[in-house]
Structure formats: C-alpha cells, structure tokens
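The values are calculated or read from the model by the stated rules, or taken from the named source; none is laboratory data. Predicted, not measured: the structure shown is a model, and the values here were computed from it. Please note: Cβ atoms are built from the backbone with ideal geometry, for glycine as well, and neighbour counts cover all protein chains shown. The accessibility values were calculated without ligands, DNA or RNA, using every heavy atom of the protein model including side chains. Shrake-Rupley method; radii C 1.70, N 1.55, O 1.52, S 1.80 Å.
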Amino acid sequence: MKQRTALLALTLAGSLALAGCSPASDAPDSGGDGIGGTPTAGGTLRVLQNADFSHLDPAQGFDGGVNNFYRLIYRTLTTQGTGEGAEGTEIVPDLATDLGTHNDDATEWTFTLKDDIFFEDGTPITSADVKFGVERALDPSISIGSPYAKIVLDIPEGYEGFYSSGPLDSIETPDEKTIVFHLNQPYADFAAVVAQAPFTPFPADAGVTTTSVDQQPIASGPYRVTEYQRGSTLVLERNEHWSKESDDVRGAYPDSYEWSFGLDGATIDERMIAGQGDDRNAIAGSVQAASIARIQTPEIQERTIQGLQGCTTYMPMNTTKPGMDNPLVRQAINLAVDKQAVKDGTGGSQLADIATTMMPPTVAGFTEFDLYPSDDFAGDPEAAKDLLTEAGYPDGFSFVLDIRNNPKMQAQAEAIQQSLAKAGITVEFNLIDSSTFYEVIGTTSQQHDAAITGWCPDWASGATFLPPIFEGTQIYEKGNSNVAQLNDPAVNARIAEIRAMTDVDEANAAWGELDEQIMELAPAVPLLFEKAVMVVGSNIAGAYAHAGFSGGIDYVSVGLADPEK
Amino acid sequence: MSTVPSELAVESEAKGALPTGGAPTPARRVIATLMKSPAVVVSVCIIVFIALLAVCAPLLAVITGWGPYDFDKSAIDSDLGGIPIGPLGGISAEHWLGVEPGNGRDILVRVAYGAQVSLTIALSATLVTMTLGVVLGMVAGFFGGLADQIISRVMDFLMAFPTLIFMIALLSALPAGNRPVLLVIVLSIFGWPYTARVIRGQTMTLRNSEFVEAARASGARPMRIAFREVLPNLRGTIIVLATLAVPGYIGTEAGLSFLGVGVMPPTPSWGQMISTAVGWYAVDPMFFLIPGTFLFLTVFSFTVLGDHLRTALDAGDAA
C-alpha cells in the first residue's frame, strides 16, 4: 500500500520535479551547504514541477516529493537531518527535545516537547495536539499515507480514528509537554517512526475535520499556505509564529515559495537550462535523459546537482506462476539481463547506476555483492541457457512483463526483452496505464509473471526496504507490495528475528546479509539505482540532493544567494 | 466568345473517347493525363520506393546486419544520456540513417519495418472501409426507404462522434491483444461512413439514369442492377476515395501510435519513433527528421496522386 505512492514519486514521475540526491562523494563543497554556499534570508524561491503534490494532508501524502514539502509547513516529533548522504537520513529531534526515551523492551516511548512551538494562529503546540494528529490520521477515510502508526501503535481491534472511535488509550499525555506511546511490539527504531508525516500535530480544538487539512493546512512549520490552486500554483509565506530558535533543522531562508505545476518535463528542462528572469531563482526536478547532453557546458555544470534517489528499480518475478516458481528459471533471468542496456535506455551513466543488490547504497547496512555477474553487466546468455536446460526448459521460456505506459519504462522493458531473447527467453509486454499501474501489479489476481517497478525506503533502514517487498506475511490480495509473492520460510523467519533485535546497528547489518540470502532465491532482478540530475537557477544557494526524499533538493535548506536579484 | 470553343473541344474529345471503350472514363486516357504531370510521376515513384522498402525490410536487415530490435551499445554514449556517437544522429557506414538514442537501434531498418506496419494497417483499413462504404452506400442510395433511413442514421451517428477521442478511449480500454488488427477495426468503424455518404449520393443520381431504367424495363433484378449497372459507374469515385483514404489512415495510425495507444513497442512504427524523438529534438534532430520525412513523403505522395486522379476522372465525367 504505502509504497505505491512512494514509487509513484520514484518512477512514474521519475523526474516529477523534485528528485535527485547526492552521495557525500559528489559534494560540491564542504559543510553541507550544497551548491552556491549559504543562502541569504529573503526573496521568493520558485519551483517548477510537472505534477501537483498528491495531498497537502500529511495523513494522506506519502512519497519522497511530498514528504520533502511537508517539512516546510509541518513539524513532527523527530525528523530527518539536513545535509548530503547519511547526514540527511539521520533522525534528529524536531518538536521533541530528544529522540525519546523508552522502557527496557522498547514498547513504551516517551517524548518531551520543546518550548516556543506554535501553530500558524499563534496557539502553542501541546502534547494533546500531537496525540490528536495521530488519532485523526488513523481515520480509515484518510489513512492512505505512511502506515507505521497503524503497524506499531497498540491500537484496539476496530479502532477507526478520532472521529468514529474517540481518543486512543495507547497515547498518553500526562502533561502539556509530555507524550507517551504504547506499542504493540518492541520497536527499537521508533524515533524514526514518529518522523513520519501522520505524526504531524493539529490543534485538537479548532474544528479540524478529515477533509479540512487537505483544503487548508494548519502550519506548524516555518511556512503557511496562502494560495493554492490544485494542479496550477501553490504559494507559501512565512509563518510568523515559527521561531528559528526552536528549530535546529530548518534554514527557512526564502520569505516565500511559489510552485508552478503542470509543466511539461521538456519545458522545465528548457527553462532551467536557459535560466532567464525569474527562473534564476528557480529549482526543479531531475532533467530528462535527452537533456543530459545539453547540460555538459561548464556554465550549466556549475549549477547542476547529481545524486542517487535512494531507491531501487527492479523486476520482481511472480514466484507463484508456472515456470517462475522454479528458482533456476529466475536465476537464469537474473544472469541473462543486460543491465548496461537497461541503464543506457534509462539515460546512461548520469541518470543511473547498475544495481546488483536489492538494497540501495543509501540504506544503512548496505552490503555489496553480485550473485549473477557478467562481463560489463552485459548479461551472460550462455550461462542462462545452461540453467534453463537444467530447469527443464531447453527450448526456452516465455513470460509476460507488466510495464507502465511511459517512455522510460518502455525503454527499460525493451532492453530486458532484447537481452533475454539471446538466452531463448521470450518476453511479452502488458502495457498498463500509468495511473492504474500499481493497482494492477498490487492485485495478485491481475498481475502477470513479472513487472518493472521501484522501491524506496521510508527511512534509511533495511526494515522499511526488504520486508514490504519480500516478506511472506505481507502478501495481500489488493495493495500488495510483495509483487514477487515470495513466501520463503527461511526468509520469513529471519525477518522476524531481525525485527526482534533491539540494537539498531546489529539489525542494520543483518538486513544487509538478508539481502544476499534473498537474492540467492532470485525473486527479483535488481536493475538500477536511478539518479537525479538537477539544474538549478544561477541565484540558488544551499541546494543539495537529500537522500531521504528520493533525492529531491532539500526544501528547508535551499534559498537565494541574493534575494534582491 | 471564349466559352464556345472550349465546350466544343470537350465535346469533340468526348466523341473521340466514346468509341475506344464503353466506360465513361477510359483508364488509358486517365493514365496518359496523369503521366503528363511530373508531380504525379514523382509521387508514384515515392510510393513505389516506400512500398519496396516495406516489402524488403527483412532483406535490408540482412544487408545492414542489424535487426529492428538489435541494440548497439557501441553506437551510443552512455555518459551523455545515451545520445548517438558521431554526426547527424550517428550516421555512419554501419548505420546508414543513424541510430536511436538510448539503445542504438538502427533507424533505417526500423523505418523500413515501420513502413510495413503503417502500410499494412492503412491498406487493410482502406480495403475494409471501401467494401463496407460501397456496399452500404449503394444499398442506401439504390433502395432508399427504410434501408436508407437506417444506414443514413447510423452514418450520421458515427460521423457526429468525436472520432479521435473515442479511438483513444477505445484503444486504451481494450486489452493489448493484436494491436494492428484492433487498429484496422477501430479505423474502419469510424471511416466507412465517409465513403458510404459519397457513394449513396452518386447512386441516387445513377438510379434514375436511362440505362438503369432500361435494365429495369428488361426485367433485371434490383441486386443485379445495383452491382452490374450502377457499380461499374462508381469505379472512378471509388478509386479516388480509396487513394485519398490511404494517407488519412497512415496519418491517423501514426497519430494514435504517437499518443501511445497505437502499435505497441517494441514493434517499430513511425508515430512511435516520432513520439520518442520529441524529447530528443534539441540534441538529436535527425531522430525526429528521418521518420518524420518518411511519414510526410508517404502521406504527401498519396494525397497528390489522389488529387490528380480526381481531377483526371472529373474531366472524364464532364465529358
């Protein structure tokens, strides 16, 4: 369920308009200031974007792009850090004074709120508001965002959110500054859970309804929404009640932000490359493959940011289908895929790195390995043929691949089709409309033998990466993210073991090893770690790609070099 | 003053024509007229060339050594977003018309296979719409009454439809299946009324002509009159309509493929190539120009030929 939206940001709109991130090695300069040094306060920062944000309501929106945006108008108990690479994915306190304290088995977590924190109307944010925010987000009509509150909080059977079922007993507020969460399981990483958007506070007594927030958000962060025309424009202006002293994360340099939605990808590239007029103060998402050759001039390179999106593009194989249920067949497919061709089709080395593991390098505990190697990643059709013969398919094999009706995905699919043909494997395409793609492949009765999809972690941990896509207990008839439908007892048992670990570092290392254990079964072909390449305006400062937000430019750190321009 | 001689000229021409053949527009004279026009000669040459290209596509693949689906990684620059290496979109001895960016497939071979797809679909759709249009148009025009009412209302209904929007909706909703066949069916459903309407009108005129009266008086059955007496007189109209329908269908097929609801990848198609090329126009204009030129030339040639054919046949009819 959850990753359907997260994926949307990653692949469908790969260039949505807010992608791109930069591993530390690509850092243009030190100090995490990103390109152009430290911004000066003031001015209007413009964002050119293809698609509008999914939801302004943090209970509903759930992808890298919108999570990045939420930090401008909302605050949560904790949040991701700022800075490139691991600095950005580290969890730091936000509304809370620290990362919380827990009891011995990590089932009870206590957070204390800072002083001087206010909503946009000037009322102080209390623990009751945080509690109300979570209870509201649990309403079934809007709980389509991050699912972790539902998963880990101790919620009684049949609880349907604040409006139907009233207050939730497992969240206690002994006083205005203290909030205690009772969990249904030990959860060592709960500090990362409260950074998820559904933990955004809303005034408990201000007549907030299920739908009102999506129409008119109530800001707790440094900006408030002053103008919003769905699909067209969004304007943010300063929330005067937010104080810099209470916030160690947000730079909040510009006086206002202005989004333009509905622009064509090629148009955005054209405008960013030209960088004239107001576009000097603009940022945008990743450029298209066709524009890569045009941004190689020194002038444009100076204002280009590049980095991993922190997601994996992969091809899950439906292990319940005849043929695909044979690990030898899946291994043969893994061997035969020409990943270099897939990469070229995606836009070449600047827009993608080749993946040999499921977990991307931005996830803690990432372990590098390649179980199905070939020269130059060009695939090894001979070895694949041998495996197919061994599996009982000496005359080849054929399967149907679900793909989205979009040029990049088709290019990837054609590369796969072409390379598998050399190993005697015939691939037929099932083209699915972009808007219903995840619904179709997430419905077990409708998906075919394989699909091309992507996965982004909800925070930089294997816990939000491997279980949702490979755990046997997470196969659902609808909204299924375990597209491979892998249900392997050894893998399931190991996931349960790692979950029970209370040491986060030990757990992270274990996820890395589990990745290899899963890849031995070959339920999927890891294809690419896609990258974002973003051109920013010449007056932009402090722009860097945030690994926690699908590689988008961190909105709370970017600003203008000279607001007078 | 000046009108009189010209009328005379037409009359004498017509008189001269009559003895050579029974039909009102002798094929030989039409061909002779057409051959005098350089535009027609060029158009026919282009059409023949493209038809040859389509037929010989597999041969071309053997000669160049590149199949329509073969990737050539060495022809593109992975570090620059996959643009073709070399000038003019990678035109070289290896790839005569360059390669596609991103995968290095040979454009010439794909254009040839694309011609196969385009022409097959357009010609099949023309055949189906002509058959349907002529039969239904003649039935409506010749028999009149209830048959005319029903057929005319169906035609009005189909012609009033926002065709393109409906085609897109229909093709997106239908399962992938056999796309070319689906395209022919969809194009035909919306295409036949345009033929049928013209045929109906012509049939209504012919129905009352003397030779039909004569046939009727001699006891011929209505069906026989329709197909033996009326149909041969519609020959010219049908040829013109068919020639002008082909470019229309080629354009529509390319348009639908451009919009992503036509021929499915990786099957090469001109519309799809142009659609992919849109994003690349700034760095690799040849990728856009080559399939675009082929599409333009094909549509243009058929249109020029059709126009001239109509003029030539009209001149014959006037006689």
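Things worth noting here:
- D (Stokes-Einstein, µm²/s), Kirkwood Cα radius, segment A:141-240, 1.567 mPa s at 4 °C: 82
- Angle between chain A longest axis and helix A:127-137 axis [Cα atoms, degrees, rounded to 10]: 40
- Considering only alpha-carbon pairs that sit under 8 angstrom and 6 or more positions apart, the relative contact order computed for chain A is 26 percent.
- Cα point-scatterer Debye curve for segment B:53-318, base-10 log of I(q)/I(0) at q = 0.10, 0.11 Å⁻¹: -0.62, -0.71
- Straight-distance crosslink candidates among aspartates and glutamates, where the alpha carbon sits under 14 Å from A:K177 and sequence neighbours closer than 8 are dropped: A:D94, A:D98, A:D115, A:D116, A:D129
- Highest-first packing order for the peptide set B:233-246, B:28-41, B:91-104, A:476-489 is B:91-104, B:233-246, A:476-489, B:28-41, based on the mean count of other beta carbon atoms within 10 Å.
- Under the membrane-span-like helix rule (DSSP H runs whose alpha carbons stretch at least 27 Å along the helix axis, mean Kyte-Doolittle hydropathy -1.0 or higher), chain B yields B:107-143, B:179-207, B:231-258, B:285-318.
- If you model chain A as an ellipsoid using its alpha carbon gyration tensor, with each semi-axis the square root of five times an eigenvalue, the axes come out at 38, 30, 20 Å, biggest first.
- Along segment A:287-294 the Karplus relation, 6.51 cos²θ - 1.76 cosθ + 1.60 evaluated at θ = phi - 60°, assigns HN-Hα couplings of 6, 7, 3, 5, 8, 3, 5, 8 Hz to successive residues, with x for each Gly and Pro.
- Percent carbon-and-sulfur accessible area, the protein assembly as shown, ignoring ligands, DNA and RNA, probe 1.4 Å: 58
- Measuring heavy-atom accessible area with a 1.4 angstrom probe and counting protein chains only, the residues of segment B:255-286 that give up at least 20 Å² relative to the chain alone are B:G260, B:M264, B:P265, B:P266, B:G279, B:W280, B:Y281, B:A282, B:V283.
- Percent RCO, i.e. relative contact order, over chain B, from Cα pairs under 8 Å lying at least 6 residues apart: 25
- In this structure the protein assembly as shown gives 39 Å² per residue of accessible area when probed at 1.4 Å with all protein chains present.
- Which listed pairs, of A:K150/A:K339; A:K422/B:K73; A:K150/A:K321; A:K150/A:K408, have C-alpha distances above 26 Å, in listed order: A:K150/A:K339; A:K150/A:K321; A:K150/A:K408
- Vicinal HN-Hα couplings computed from phi for segment A:177-188 (Karplus, 6.51 cos²θ - 1.76 cosθ + 1.60; Hz; Gly/Pro x): 9, 10, 9, 10, 10, 9, 9, 8, 7, x, 9, 5
- Take each residue of peptide B:79-89, count the partner chain Cβ atoms within 10 Å of its Cβ, and average: the result is 5.
- Of all lysines in the structure, those lying under 24 Å Cα to Cα from B:K36, and not within fewer than 8 positions of it along the same chain, are B:K15.
- Helix A:504-521 and the longest principal axis of the C-alpha atoms of chain A enclose an angle of approximately 30°.
- Normalised by the number of residues in segment A:312-531, the average gap of Cα pairs under 8 Å and 6 or more apart makes the relative contact order 35 percent.
- Between A:T101, B:A57, A:I540, the Cα set farthest toward the positive side of the dipole of the protein assembly as shown (charges on each charged residue's Cβ, about the Cα centre) is that of B:A57.
- Residue pairs, from the table A:K131/A:K244; A:K244/A:K565; A:K478/A:K531; A:K114/A:K565; A:K343/A:K385, whose Cα atoms sit over 32 Å apart: A:K114/A:K565
- Local net charge near A:G275, Cβ-Cβ under 15 Å (Lys/Arg +1, Asp/Glu -1): -1
- Between chain A and chain B, the total buried accessible area stands at approximately 1900 Å², from heavy atoms with a 1.4 Å probe.
- Drop in accessible area of at least 40 Å² in the complex versus isolated chain, residues of segment A:392-424, 1.4 Å probe: A:E414, A:Q418
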